[in-house]
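See structure below.
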Amino acid sequence: MNKANRRKLLGLFLAGGLLAGCGSGRDLKADDPAKAPTAAVVKVARQDLTNDLEIASELEPFQEIEVYAKVSGYIKKLYVDWGTHVKQGQLLAVLEIPELQQQLEQDEAALRRSEQDHLRAQEELNRAESAYKVAHLSYTRLADVQKSRPELIAQQEIDVAQGKDVQASAGVSSARDALAASQQEMISAKAALEKNRAMFAYSRMTAPFEGVVTEIYAYTGALLPAGTSSNKGTLALCRLSQSNVLRLVIPVPERAVGDIRDGETVAIEVSGTKKIFNGEIARSSGQIEAQTRTMHTEVQVPNPKYELVPGMYASVKIPLHSAKNVLSLPVQAVQSSGEGQGSVLLVKADNHLEKRTVKLGLQTATQVEVLSGLQQDDKVIFGEQGQFKPGELVKPKLIQPGGTE
């Protein structure tokens, strides 16, 4: 080998050595803890998870009605106004109905007359029965004498006595019929009087339930027509709302229908008060509406202090699923792959990353249950995983689940 070839071979050897040296430098730099990137991590921890369904709606009165007059009349006295709280049976207004008052007086007079007629019919029956007893006794005696001593009593006397006996018997029957008729007239007069008394009692308009007068339509002196009229423009006295208990009507989506249970206590947040109230799922329609694919459900909200007002905007949280004391991670730490599977970047004891497949369970808005693949207190990358690679050395920085250090 000549001198020129030796020089070429030495140059190639030195170049290869330099390239190899440069590659070793990069590997050493990658494993240098001082050069490792800082990575936010969270620990796998045990906690209770609850998956809630939150729906917003407006509070409604438990029941609300328009208070109409049963009979037409002028408002004589008005005892309520806007916002008046009333108890069940409390007097709202008194109507003046003079023609009905006169009718009552006529009915009372008719009843007294029928009672007197009934007494006369009773006395007539007593008189007829007494006359019948005398006539029948006379006829019986004459008939007995004729049987024992026929020569003493003429047949004509017997016939006359028998005729009087039959006539007296007919008089008793007639008196009994008259008594029955007078009794029916008296019953009819009593019924007419009681009917008009019942109608006149409606001149005192009372509250059918405890509530609040939310609107007044008529004042003292106004004529209220009878509420039985078919005219839709019939004037009511007021609007009465029961507000000591409120309804919150919510449309429950089809996917959550199976988790609704009557009697379950739920939390209700009212935006106008910034407070949380407790309510109870009271009832549901039991049927999904075809157009909206939701089920009509009502939450009953006690309101004894009248802190809440119908029309307020409120949201209800209905717990659908829950898990107690389970391993969990923030949803930002898991890359879901669907069908209950996901992956995380696990920080091993030497601070190198390992991609780990995990099985997922219940998921809430912020947390997800880990069924398998991790242990309690394991550290995983929090946030976007694309900026790290499996096997990479990192400098872990523990943060709280909310994203704070």
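Each value in this text was obtained by applying a stated rule to the coordinates, not by laboratory testing. The shown structure was predicted, so the numbers you read here are calculated from the model rather than taken from an experiment. Every residue, glycine among them, receives a Cβ derived from its backbone with ideal geometry; neighbour counts consider all protein chains shown.
Model label points for LYS190 and HIS321, set 7 angstrom from Cα along the Cα-to-Cβ axis, are 7.1 nm apart.
Mind running the shape call on the stretch 295-405? Use the C-alpha gyration tensor, a ≥ b ≥ c as the square roots of the eigenvalues: rounded below 1.5 for a/c, prolate if a/b tops b/c, oblate otherwise. Since a/c reaches 1.5 and a/b is larger than b/c, the shape of the stretch 295-405 is classed as prolate. Under 29 Å of direct C-alpha separation, and excluding same-chain neighbours fewer than eight residues apart, LYS133 reaches these lysines: LYS147, LYS164.
Helix 98-148 axis versus longest C-alpha principal axis of the chain: approximately 50°, rounded to the nearest ten. On the basis of the beta-carbon distance and an R0 of 41 Å, ILE276 and MET199 show a calculated FRET efficiency of 0.25. With contacts taken as Cα pairs under 8 Å at a separation of at least 6 residues, the stretch 119-216 carries a relative contact order of 36 percent.
The overall shape of the chain is prolate: from the C-alpha gyration tensor, with semi-axes ordered a ≥ b ≥ c, the ratio a/c is 1.5 or greater and a/b exceeds b/c.
Think of the chain as a dipole: +1 on every Lys or Arg Cβ, -1 on every Asp or Glu Cβ, centred on the Cα centre; then among LEU137, GLN102, THR357, THR357 lies furthest on the positive end. Placing pseudo-labels 7 Å out from each Cα toward the beta carbon at GLN106 and GLU58 gives an inter-label distance of 4.9 nm. Once the C-beta distance of ALA45 and GLU210 is scaled by a Förster radius of 51 Å, the resulting FRET efficiency is 0.55 to the nearest 0.05.
When the pairs LYS348/LYS389; LYS43/LYS324; LYS43/LYS389; LYS87/LYS195 are compared against a 21 Å limit on Cα-Cα distance, LYS87/LYS195 fall above it. A simple spin-label model places pseudo-atoms 7 Å from Cα toward Cβ; at GLU264 and SER343 they are separated by 3.6 nm. Residues of the stretch 157-185 with an amide N closer than 17 Å to a point placed 7 Å from the Cα of GLN146 along the Cα-to-Cβ direction: 157-168.
Between 0 and 90 degrees, the angle of helix 155-201 with respect to the longest Cα principal axis of the chain falls at about 30 degrees.
Contact order normalised by length for the chain, with contacts defined as Cα pairs under 8 Å and 6 or more residues apart; what percent is it?
Relative contact order comes out at 28 percent.
Expressed as a whole number of Å, what is the distance separating the alpha-carbon centroids of the stretch 332-405 and the stretch 244-288? Comparing the Cα centres of the stretch 244-288 and the stretch 332-405, I get a distance of 36 Å.
In the stretch 194-338, Cα pairs under 8 Å separated by at least six residues give a relative contact order of 21 percent.
Taking 13 Å as the straight-line reach from the Cα of LYS190, the aspartates and glutamates in range (excluding those fewer than 8 positions away in the same chain) are GLU105, ASP107, GLU108, GLU115. Springs join every pair of Cα atoms under 10 Å in this Gaussian network model of the chain, and among SER372, SER243, SER315 the largest mean-square fluctuation is at SER372.
Taking each DSSP H run with n ≥ 4 as -39500 (n - 2.57) and averaging over every residue of the chain yields -11500 deg cm²/dmol at 222 nm. Which of these, GLY221, GLY391, GLY279, has the largest mean-square fluctuation under a Gaussian network model of the chain (Cα springs below 10 Å)? Comparing GLY221, GLY391, GLY279 in the GNM, the peak value goes to GLY391. Helix 3-30 and the longest principal axis of the C-alpha atoms of the chain enclose an angle of approximately 30°.
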